[in-house]
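Student: The structure follows.
The values are calculated or read from the model by the stated rules, or taken from the named source; none is laboratory data. Treat the numbers as computed from the prediction; the structure is a model and nothing was measured. Here the Cβ positions follow ideal geometry from the backbone for every residue, glycine too, while neighbour counts run over all protein chains shown.
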Amino acid sequence: MNKDPTRADEDLFRRLKILVVEDSLEMQRLLVALLESMGVVHIAVARDGEKGLAAFAARRPDIIITDGAMVPMDGYEMTRRIRAAEAGGNANPDVPILMISGHAGRENVTHARDQGVTDYLTKPLSADTLYEAIVAAVSKPVHFLDKPGYRGLSPKRSLDARRS
């Protein structure tokens, strides 16, 4: 990583609880290694959206990092369920959800945003990009709204605004 984390960043990363939801064992290992290199010590891993929902309910992570395409439940559906009112006590409009995908098309980004993804990162993923996305997710929180006529990130902040 080119970024020199500040002492505050180091303390923040050491306290964060991060859930990685990824079906590829190689990507799981890469993400865990990157997170550990940033000082994250509380990392849980799930291999699909269903297991991700269970881990989310059990661990209540500060941030979720998920792949988009997984079976039997993908990251989009998992995100929708985490955000949805029908999730009951497990609904969470505020937990940052970072989606990592190999698909950079506008349709994919829009679909992710509409499901409640906080930030959409494309592969190949650099350590700096992941680091900056985590810092932004924690320092510039957004709220997901699920109201009649509007479902998505609070209009005050968009996916693009999070990076500024």
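Student: Of everything in segment 94-104, what is within 16 Å of ASP74 (Cβ to Cβ) and surrounded by fewer than 16 Cβ atoms within 10 Å (Cβ to Cβ)? Give them in sequence order.
Tutor: Within segment 94-104, the subset within 16 Å of ASP74 (Cβ to Cβ) is 97-103.
GLY102, HIS103, listed by residue number.
Student: Can you name the number of the only condition in (1) buried (at least 16 other Cβ atoms within 10 Å of the Cβ); (2) at pLDDT 90 or above; (3) more than 15 Å from the chain's Cα centre (by Cα) that ALA84 fails?
Tutor: The single condition ALA84 does not satisfy is (2).
Student: Can you tell me which residues in segment 98-128 are over 25 Å from MET38 (Cβ atoms) and either in contact with an Asp or Glu (Cβ under 9 Å, 6 or more places away or on another chain) or aromatic (Phe, Trp, Tyr) (or both)?
Tutor: Within segment 98-128, GLN115 is the sole residue that qualifies.
Student: Regarding ASP128, is this residue farther than 20 Å from ASP48 by Cα, surrounded by fewer than 14 Cβ atoms within 10 Å (Cβ to Cβ), in contact (Cβ under 8 Å) with a residue 12 or more places away in the chain and under 12 Å from the mean Cα position of the chain (by Cα)?
Tutor: Details: farther than 20 Å from ASP48 by Cα: yes; surrounded by fewer than 14 Cβ atoms within 10 Å (Cβ to Cβ): yes; in contact (Cβ under 8 Å) with a residue 12 or more places away in the chain: yes; under 12 Å from the mean Cα position of the chain (by Cα): no.
When the stated conditions are applied, ASP128 does not pass them.
Student: Would you tally the residues in segment 54-78 being acidic (Asp, Glu) and over 22 Å from GLU132 (Cα atoms)?
Tutor: From segment 54-78, those acidic (Asp, Glu) are 62, 67, 74, 77; that's our starting set.
Retained after the next criterion (residues that are over 22 Å from GLU132 (Cα atoms)): 74, 77.
Matching residues across segment 54-78 total 2.
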